[in-house]
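Let me begin by presenting the structure, written as structure tokens, before commenting on it.
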Amino acid sequence: MSNHVKQLCEAPSGQPEVMQGNIAFAVGCVRGGVHCADGYPGTPSSEVIDKGLSEVQDLIKVGWSVNEAVASAVGVGHSIAGSDCVVTMKIPGLFQAADIFTSGSVWSHERGALVYYIASDFTPSSTQHIIDPRYLFKSCFLPVFEPRNHQEMHEAASIAAEIGRKYRTQVVVMPSGVLCHSEGLVHMMPQQKRDPIVMSDDLRAFNVLPNLTRGYYDAIMDTRLPALEEMVETSELNQWIKGSGKKGVVTYGVCDMYVREVMDAQNLDLDVLSLGFSNPLPMKLIRDFHASIKGEVIVIEDGYRYVQEAMEQAGLKVGGKDPHSKITEWTPALIAEKLGLPMPAVASSVPALKRPPVICPGCPYRLFAEEIAGMKKRKQLDAAFGDIGCNSLLYFMNAMDTGLAMGASEAKRIGYVVSRPDKAGRCVSIIGDSTECHSGLDATRNAIYRNAPGVKVILDNEWTAMTGGQPSPTSPSNLAGQELKFDLPATLTAHGAKVEVIGAYDRKAIKSTLKTALAEADKGVYTTIVIRDGACLRRSKPSTQRVAVDPDACKKCNLCMICPGLELDADGIPTNTNLCSGCGGHTPSCSQMCPTGVLKPIDLKEMKTATPSVKFPAPPEVLPAAGRIQGPERLSVAIRGVGGQGNLFFGKVLTQVALAAGYEEKNIIKGETHGMAQMGGPVISTFGCGKVKSPVLLPGTADCLIVMEKSEVLRPGFLEMLRPGGTVVLANTKIIPAGATEKGYPTDAQIHEVLKPFKVIEVDVLAKALELGDPTGRVANVVMMGVLSTLKPFEAFPESVWLKALQKINPKPAVWAANYAAFRAGKH
């Protein structure tokens, strides 16, 4: 299969593409002549390396490091070797790397550029805090570029590398998580080549001894900072949109998109100063803008009140957020309200279902979580100290209590037990294998060093699973495909720990090992339990294993009902759902919970209800050309459902439809769930083309709302997106969240009552998908695309445009054949 990322890296200058923000940045690294990249996975930054640069290792040196501090030091090494390097992370990773980051900020010597790509998440959606790092950047005297759109994401690495070399400074690129994960129209930047700097072998200047650092600080004050201040004042990246001067807005970063969306949709008369850099600030330009406005000037910015405070300290009267404002991330709706514009509201007395993120069906963590939750319920365990990663989700299973930071679980347990020695055998710490390698080993050493008795559990699924399954030292191979020699149990043993290694799908071993280790903890023993032999299922080969029970033998105790892969049929008998993963071929977790042993593994081919594998008819080899299409001036849609229904794929296809229809001359943009789109959690995907600016839609502007799971139509703020006269397309699909019951699910009558004021089309897309012979129902989203293609204004796009978009997204013959059949089933 062709390497799409490489094609983008080598595409002609100016070629239009719709790209995810992280991929746009990654492609820009290569096209911008950057030599190296390093980082640690962290949502929302991971795709830069994971889905982008890892695909073009022949064009750029790239690798994952064990944590952000190490990645930063690797970046420093590249830089003083003369190479330009990008280091990727999320904001918490910045603070993990803070010693390296801040110490290196004082150097003003010629070297390769060092660019920190630090993705923000000020909601937060996938981050453990909402700390605004701009104050740290300011105290380090570093230039900070915050991209405003996908084109600037694409060009950011080149912009930053040029600044880094010219001003001999580290540079920060801080994109919003919304930009990182949304997709937008990008025109390929010109290819650039920047030779590495020829460095002397004498590196003694790159030192932070106190006497040297004092001199470096003075040099920053004398040279770097004045030069950067002059640069930002005259930068063409600053944009002044002139209106009548009645009201002014100062903004920067992704908020620029939101402000423009509101201005265009509401035909507002505003003057806008959009800043290219958030540090240093162009204070002369800001003063000139402020002086030109007759009325109020407000600041629209994510995070805290960084620019607003700077303007207030400069003596400028300005509005924005009050000191105790709870707004950390603006939306078009919040901006409209701030500007005094009325927003639509939908009255509903029916609450949306709570859908907490859950571990995947068949996850190797599940049996351990069930045992910990059971021990807590039986009062055999008081506390479970958790960490960051997939194990965080055990919180929703009552199998994890505290969560703080990467690698902190064991250290918290140590402090707790040192303070309360009687609790050594009444608590455990929990951490994932990649996080143990990230920073957890420090606490393991500390427990041995401090002689702190207790139990530490390492859940080893071989990959950095939460962020997408990137390799870690415990993986079979690294990013370059080289076989890894790191041995986690041997490392722990070498530290001096007592190590027990057991299987993730061995319930009896989990129970007995935990019981013994906790009993020994009361006697002063420290045990590290490694639970492995169960790789993350997203990185495992699909299994055809399922479970079945003789209805006459089933006691209907429901103890097996621990996973979304199992549900009760109309007679109360456990049956597989289309989410069942077969536990990767291991002994199914649910069958081990069965007290009578009558729930047994079975292959799909042996099941009486198994649907025979279907070979879809071959689609046409050549699709007809559509020609130029005169589509609507503006088009937008929002799609809601739950994780695993293919909602994000839906939006991706729509972007390709718009690209094929000629909207590259205007704009194309797609948004998605900001943060963790966990299996079974609520997911939204948005799409717009034409006269549209933002991936987050302004209420009252969507032409159509697609609802893939019917109760999700009740999600707050969703129906408000629909424009007057728009259409709601409602799938008759019900997915009851883990831990919920049929009784707690909204009735059809309640849903229809809420939808009374709207034009609604109901369709059973899941039934149509199953009729096609898809036992998983996974093409239901494509069936829905077929339905959408028949509705105004989407019917303006010929069928061939839709089909070409589907084929482009996934051209694998079997997938393309299934998608072709599903689309046709929805359309006809």
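The values are calculated or read from the model by the stated rules, or taken from the named source; none is laboratory data. Note that this is a predicted model, so its numbers are computed, not measured. Backbone-built Cβ (ideal geometry, glycine too); neighbour counts: all protein chains shown. Ligands, DNA and RNA are excluded from the accessible area calculation, which covers all protein heavy atoms including side chains. Shrake-Rupley method; radii C 1.70, N 1.55, O 1.52, S 1.80 Å.
Using a 1.4 angstrom probe, figure out how much accessible area region 466-596 has per residue, in square angstrom, rounded to the nearest whole. Kindly include the intermediate steps, with their values, before the conclusion.
Working: 6500 Å² over 131 residues.
It amounts to 50 Å² per residue over region 466-596.
The trypsin sites (Lys or Arg not before Pro) found in region 181-252 that occupy coil by DSSP, while having at most 15 further C-beta atoms within 10 Å, are Lys193, Arg204, Lys242, Lys246. The residues of region 175-257 present an accessible area of 52 Å² per residue when probed at 1.4 Å with all protein chains retained. In the assembled protein chains, Glu337 presents an accessible area of approximately 110 Å² (probe radius 1.4 Å). Relative to the Cα centre, the charge distribution of region 671-782, modelled as +1 at Lys and Arg Cβ and -1 at Asp and Glu Cβ, gives a dipole magnitude of about 320 debye.
Here region 249-288 and region 764-828 have alpha carbon centers that stand 41 Å from each other.
Pull out a ≥ b ≥ c, the square roots of the eigenvalues of the alpha-carbon gyration tensor of region 21-86, then state rounded if a/c is under 1.5, prolate if not and a/b is larger than b/c, and oblate in the remaining case.
On the way: a/c = 1.89, a/b = 1.10, b/c = 1.71.
It comes out oblate by the Cα gyration axes.
The distance separating the Cα centre of region 149-171 from that of region 200-240 comes to 16 Å.
Calculated accessible area for region 293-410 comes out at 43 Å² per residue, all protein chains present (probe 1.4 Å; ligands, DNA, RNA ignored). Of all aspartates and glutamates in the structure, those lying under 18 Å Cα to Cα from Lys284, and not within fewer than 8 positions of it along the same chain, are Glu229, Glu230, Glu233, Glu236, Asp271, Glu309, Glu312. Largest accessible area first, the residues Thr587, Thr43 order themselves as Thr587, Thr43 under a 1.4 Å probe with ligands, DNA and RNA left out. Taking all protein chains as they are arranged and a probe of 1.4 Å, the heavy atoms of His78 leave approximately 50 Å² accessible to solvent. In this label model, Leu341 and Glu229 are separated by 3.7 nm, measuring between points 7 Å along each Cα→Cβ vector.
Carbon and sulfur atoms: what percent of the 1.4 Å accessible area of region 343-442 do they account for? Here carbon and sulfur together make up 58 percent of the probe-accessible area.
P(r) for region 1-145, from all Cα pairs and a bin width of 5 Å, is 2, 10, 19, 22, 20, 14, 8, 4, 1, 0 %, short bins first.
Percent relative contact order of the chain, based on C-alpha pairs within less than 8 angstrom and at least six residues apart? Kindly include the intermediate steps, with their values, before the conclusion.
Working: 1772 pairs, mean separation 84.3, N = 828.
It rounds to 10 percent for the chain.
Where a ≥ b ≥ c are the square roots of the eigenvalues of the C-alpha gyration tensor, would you call region 371-440 rounded, which needs a/c under 1.5, or, failing that, prolate if a/b is larger than b/c, or oblate?
Details: a/c = 2.40, a/b = 1.20, b/c = 2.01.
It is oblate, given that a/c is not under 1.5 and a/b is not larger than b/c.
Expressed as a whole number of Å, what is the distance separating the alpha-carbon centroids of region 102-138 and region 549-608? With region 549-608 and region 102-138 each reduced to a Cα centre, they are spaced 49 Å. What lysines does Lys498 reach when the alpha-carbon gap must be under 18 Å and sequence neighbours fewer than 8 apart in one chain are set aside? Output for Lys498: Lys456, Lys511, Lys515, Lys523.
Carbon-plus-sulfur accessible fraction, region 500-575 (probe radius 1.4 Å, protein heavy atoms only): 49%. Measuring nothing but how far apart in sequence close Cα pairs (under 8 Å, 6+ apart) lie, relative to its length, region 655-751 scores a relative contact order of 22 percent. So what is the 222 nm mean residue ellipticity for the chain from helices alone, if each DSSP H run of at least 4 adds -39500 (n - 2.57) and you divide by all residues, rounding to the nearest 500 deg cm²/dmol? After summing the helix terms and dividing by residue count, I get -9000 deg cm²/dmol. In whole percents, the pair-distance distribution calculated for region 138-237 from its alpha-carbon pairs, binned every 5 Å from zero, is 2, 10, 17, 19, 18, 15, 10, 6, 3, 1. Across region 453-583, Cα-Cα pairs farther apart than 18 Å form 67% of the total. Could you pull out the GluC sites (Glu not before Pro) across region 149-251 that fall in loop regions by DSSP (anything but H, G, I, E, B) with no more than 12 other Cβ atoms inside 10 Å? Passing sites in region 149-251 are Glu236. Computed over protein heavy atoms with a 1.4 Å probe, the carbon and sulfur contribution to the accessible area of region 77-224 reaches 55%.
Largest first, the residues Arg426, Arg378 sort by 1.4 Å accessible area into Arg378, Arg426. Using a simple spin-label model with pseudo-atoms 7 Å out from Cα toward Cβ, Leu334 and Asp550 lie 6.0 nm apart.
Surface listing: Val318, Val232 arranged by accessible area from highest to lowest gives Val318, Val232, probe 1.4 Å. The accessible area of His187, taken with all protein chains in place and a 1.4 Å probe, comes to roughly 70 Å². How big is the Cα convex hull of region 191-276 in projection, averaged over all directions, in nm²? Projected area, direction-averaged: 10.1 nm². Comparing Ala660, Val549, Gly42 along the charge dipole axis of the chain, the residue lying farthest to the positive side is Val549, per the Cβ-charge model.
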